[in-house]
Structure formats: structure tokens, C-alpha cells
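As C-alpha cells, the structure follows; a few thoughts come after it.
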Amino acid sequence: DKNALSADALKRLVALESNSFLGSGSVLAYHDLEIRGGGNLVGEAQSGHIEAIGYSLYIKMLEEEINKLLNKESFESAKIDLKLSINAFLNSEFIGEDRLRLELYRRLSKCKEVAEVYEIEGEIEDRFGKPDIYTKQFLSLIIIKILAIKAGFKAISNAEQNIMLTAQNGEQTRLKSKSKDDDDVIEEILIYLRKLNKGRAEK
């Protein structure tokens with residue numbers, strides 16, 4: 001049966017559903033490592049150390065597991081690699097129900113247009129009120145992901161204020177934000193990508 005879940009997929013689903021700290025990511029990441037082993041996640045292919053599992057690895061694994069359960073490929077996962085040191089997640093203090101947060105992660109991972117993200121943000125605001133900073137920054141990162149894919153980038157990373165965008169052909173673009181604060185880093189990237197995409201649309 002094509003829709004039958006493998007034992008590993010079931011274990012991951014249990015890990016997702018039983019984890020009351022989805023926003024933090026670490027517990028889920030360790031669950032995943034327990035189930036499928038370390039592999040490249042802690043090897044040279046993964047920058048940093050296991051103690052420092054961050055947003056990029058967390059959301060990539062989360063998207064992969066959700067989409068595996070749905071028998072779908074991860075959204076453009078081969079085309080964009082976000083390694084941004086930004087505190088961004090759907091905050092469990094803002095959206096308390098695990099299953100609802102998981103559904104929102106799934107829907108956001110499938111967005112291919114910025115308008116879709118704004119539509120989901122509107123739904124969140126109608127139900128829960130104005131998004132907190134972490135939830136808002138997560139929505140911004142989904143928008144960055146969409147715009148970066150459209151503009152032909154395969155990776156975006158930052159080291160404090162210094163931001164690096166790598167195109168599919170390997171060309172690199174460097175940006176520098178006003179400060180190392182998360183909101184300034186996000187704003188700098190969004191301004192650049194929106195300008196780039198606007199230019200492409202006008203051609």
C-alpha cells in the first residue's frame with residue numbers, strides 16, 4: 001500500500017506529536033537522530049556540532065518528515081539551503097496546539113508564492129492575534145526561501161551582519177545588515193531579494 005507508513009515514519013510521527021516543544025527544535029532533532037542515526041548530519045557535510053542544531057537543520061528535517069508522511073517530495077529542498085542564525089519558529093506559546101502548529105509547518109513548507117504565506121499569516125492573525133516576533137520571523141524566512149528560489153539562489157547564510165547569497169552557478173553576493181539583530185538580517189535579505197525579483201518581473 002503506497003499510503004502505508006513505514007515503521008520509521010510512524011516513530012517520527014510519534015516524536016512529532018509527543019513533542020510539546022516543537023518550536024525549540026532540539027528535542028525533535030534528537031528524536032530524529034535516534035531513529036535514523038547520525039550519518040552526515042554530524043559529519044563534515046553538516047556545519048557546526050550536534051550540540052548546536054539550529055534553525056536550518058531543524059526546519060529541513062521537519063519539512064522532510066512531514067512530507068515523507070504525505071508521500072511528497074520536500075519543497076525545493078535540493079535547490080535552496082538556508083543557514084541563517086535567526087530565531088524563527090511557530091511559537092508554542094502563541095499557537096499552543098501541537099497538531100495545529102504541525103499543520104501550519106506543513107502548509108508553509110508547500111508555499112511557492114509569497115501571497116500564499118500572507119494568506120496563512122492572515123489566518124493565524126484572525127485566530128490567534130498579532131504574531132509574536134519568532135512566528136513573524138519564521139514567516140519572513142519562508143518568504144525569503146520562496147524569493148531566493150525564484151531568483152535562482154541555491155544557498156543563503158550569515159555570520160552576524162555578513163550575509164552570503166550563492167547562486168546556482170556558484171556566483172556569490174555579499175550583503176551587510178545594519179546590525180546583527182535578527183530583524184535587521186531578515187530585512188536586508190528581503191529588500192535585496194524583492195528588488196531582484198521586481199527587476200526580473202519587469203524584464
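Has segment 186-197 got any residue that is exposed (fewer than 13 other Cβ atoms within 10 Å of the Cβ), among the charged types (D, E, K, R), under 18 Å from Phe89 (Cβ atoms) and free of Cβ contacts under 8 Å to residues at least 24 places away in the same chain?
Within segment 186-197, none of the residues are exposed (fewer than 13 other Cβ atoms within 10 Å of the Cβ), among the charged types (D, E, K, R), under 18 Å from Phe89 (Cβ atoms) and free of Cβ contacts under 8 Å to residues at least 24 places away in the same chain.
I'm told Asp132 meets every condition in (1) among the charged types (D, E, K, R); (2) surrounded by 14 or more Cβ atoms within 10 Å (Cβ to Cβ); (3) in contact with a Lys or Arg (Cβ under 6 Å, 6 or more places away or on another chain) except one. Can you identify the failing condition by its number?
Only one criterion is unmet by Asp132, namely (3).
Return the residues of segment 95-113 that are modelled with pLDDT under 85, small (Gly, Ala, Ser) and surrounded by fewer than 16 Cβ atoms within 10 Å (Cβ to Cβ); say none if nothing qualifies.
Within segment 95-113, no residue meets the criteria.
Considering Ser47, Ser74, Ser85, which residue is at pLDDT 85 or above, outside any strand (DSSP E or B) and among the hydroxyl-bearing types (Ser, Thr, Tyr)?
Ser85
Scan segment 122-130 and give yes if some residue there is under 17 Å from the mean Cα position of the chain (by Cα) and either touching a residue at least 40 places away in the same chain (Cβ under 8 Å) or within 25 Å of Asp184 (Cβ to Cβ) (or both), otherwise no.
The answer is no; no qualifying residue exists.
Taking into account only those residues within segment 152-161 that are farther than 12 Å from Ile189 by Cβ and touching a strand residue (DSSP E or B) at 6+ places or on another chain (Cβ under 7 Å), which is surrounded by the fewest Cβ atoms within 10 Å (Cβ to Cβ)?
Gly152
The values are calculated or read from the model by the stated rules, or taken from the named source; none is laboratory data. All of these numbers come straight from a predicted model, not from anything done at the bench. Please note: Cβ atoms are built from the backbone with ideal geometry, for glycine as well, and neighbour counts cover all protein chains shown.
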